[in-house]
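Asks: The structure that follows is given in the form of structure tokens.
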């Protein structure tokens, strides 16, 4: 069908004044636009706003489609759309008509494209919201260790909270994928500035392991299942492309095997320096030393369920080395029992809600163990304070453990018996797990008795050449 013949009258160009002069029901064509293939018009109409009549003016583009039918397309409302913007849109629509494209079809396509773009944006926003932060990553890593029964999980979680998420909250809130080597370096530098040495490398290793975990777990169905079982709808995804810790070097001097052994005077001064400390810290450090220099992280994991007051044994879990976790059972002397029995246990009602009845060495009523960094720092501070003019001559927790083994060797204790007490090089085979567990106790009791009496002699300022056996409850394989 041919387009109807249209006679165009000459119209003056629209102006702001002319638009505002229109009353409801009136309209005006923009004489500034070319009449070919359509015109820009503005039309006034009345609306009510809270019962009060108002006049609004709308821009339209009027044209004829391929069938000759007159069509109008709303461009916008005056006030929200300027006259110039309306003219630009009218020119765009007129160009479509000239090219044989119906503007309605073009607008439909634009609407579909806009909906698709909005849907993509929403999808991307959801994906972005699921990209875990550094805090999410470290929590997920600790949860993974817990789910797989790793005894070190609580220590890992506490260390990362103390030195990373707690110390750098703004960094913890950033996406894990955006963490850089510079950020990791800042974390470790802060630890070093506080005098923390070996644990700096430990935290570095934990961060590296956490990022490696996040990189490989994004598409792991087992991890997603763990998230669902824990109540989370969707497991966090991290989008980690590389491990930022890989470019941050370990501090080599913190890893070097030390040879520092405390003298009698230093050992006595250390024991005396424990007295004014917080009782929870002091008890932890005294028991660790009395028990032959046990690893503090293992001692701090003990709960009241691990302490058999009747048989006088303390059950530690050794996670060092290969072969999985293994029990490390220690006999308890009168002196150690006195320290443990003097510690306040959680009330029975509360103990039933705490793991293992509550942690033995705790500043929170058994809910959480003393942080291992607190103990390490306390030893380092005491060690450096002993040499105010040369703090580098001080000692660390590792030096205490080395001192015990060195003294035991000098006291004639065999390497095998020292290894039993210090849990060196033990395996988690069937024999070790089931048969040697209690058979070792008499040898351990003799070794610890030797050490305890030597330590008491040193701390009391006595000569240490003669060895006097400490008082242990009689332990036999049958009764144990």
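The values are calculated or read from the model by the stated rules, or taken from the named source; none is laboratory data. Just so we're clear, the structure is a prediction, and the values are computed from it rather than from any experiment. Note that each Cβ is placed from the backbone with ideal geometry, even for glycine, and that neighbours are counted across all protein chains shown.
Asks: From 157, 223, which residue is part of a helix (DSSP H, G or I), at pLDDT below 90 and not assigned by TED's automatic domain parsing to the domain that holds residue 318?
Replies: Only one candidate passes the filter, namely 223.
Asks: In addition: Given the criterion surrounded by fewer than 17 Cβ atoms within 10 Å (Cβ to Cβ), touching a residue at least 40 places away in the same chain (Cβ under 8 Å), within 25 Å of residue 366 (Cβ to Cβ) and out of contact with any strand residue (DSSP E or B) (no Cβ under 8 Å at 6 or more places or on another chain), identify the matching residue among 158, 147, 209, 154.
Replies: The conditions single out 147.
Okay, residues lined up against (1) over 30 Å from residue 383 (Cβ atoms); (2) at pLDDT 75 or above; (3) part of a loop (DSSP other than H, G, I, E, B):
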| position | (1), (2), (3) |
| --- | --- |
| 189 | no, yes, no |
| 214 | yes, yes, no |
| 239 | yes, yes, yes |
| 246 | yes, yes, no |
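Asks: Among the residues of region 39-94 satisfying the criterion of being assigned to a helix (DSSP H, G or I) and either touching a helix residue (DSSP H, G or I) at 6+ places or on another chain (Cβ under 6 Å) or in contact (Cβ under 8 Å) with a residue 40 or more places away in the chain (or both), which is nearest to residue 110 (Cα to Cα)?
Replies: 93
Asks: Could you list all residues from region 31-75 that are surrounded by 14 or more Cβ atoms within 10 Å (Cβ to Cβ) and on the phi > 0 side of the Ramachandran plot?
Replies: 37, 38
Asks: Among the candidates 326, 322, which residue alone is outside the structural domain of residue 194 (by TED's automatic domain parsing), buried (at least 20 other Cβ atoms within 10 Å of the Cβ) and either touching a strand residue (DSSP E or B) at 6+ places or on another chain (Cβ under 8 Å) or at pLDDT below 90 (or both)?
Replies: Every option except 326 fails the conditions.
Asks: With respect to the numbered conditions (1) over 30 Å from residue 174 (Cα atoms); (2) in contact with a helix residue (DSSP H, G or I) (Cβ under 9 Å, 6 or more places away or on another chain); (3) in a loop (DSSP other than H, G, I, E, B), which one is the sole condition not fulfilled by residue 106?
Replies: (3)
Asks: Filter region 137-154 down to the residues that are modelled with pLDDT of 90 or more and more than 23 Å from residue 316 (Cα to Cα) and list them by number.
Replies: Selection gives 137, 138, 139, 141.
Asks: When you look at residue 289, is it in contact with a helix residue (DSSP H, G or I) (Cβ under 9 Å, 6 or more places away or on another chain), surrounded by 12 or more Cβ atoms within 10 Å (Cβ to Cβ) and part of a helix (DSSP H, G or I), yes or no?
Replies: Spelling it out, residue 289 is indeed in contact with a helix residue (DSSP H, G or I) (Cβ under 9 Å, 6 or more places away or on another chain), surrounded by 12 or more Cβ atoms within 10 Å (Cβ to Cβ) and part of a helix (DSSP H, G or I).
Asks: May I pose another question? Here is a list: 438, 424. Which entry is under 21 Å from residue 332 (Cβ atoms), under 36 Å from the mean Cα position of the chain (by Cα) and at pLDDT below 85?
Replies: Matching residue, one of 438, 424: 424.
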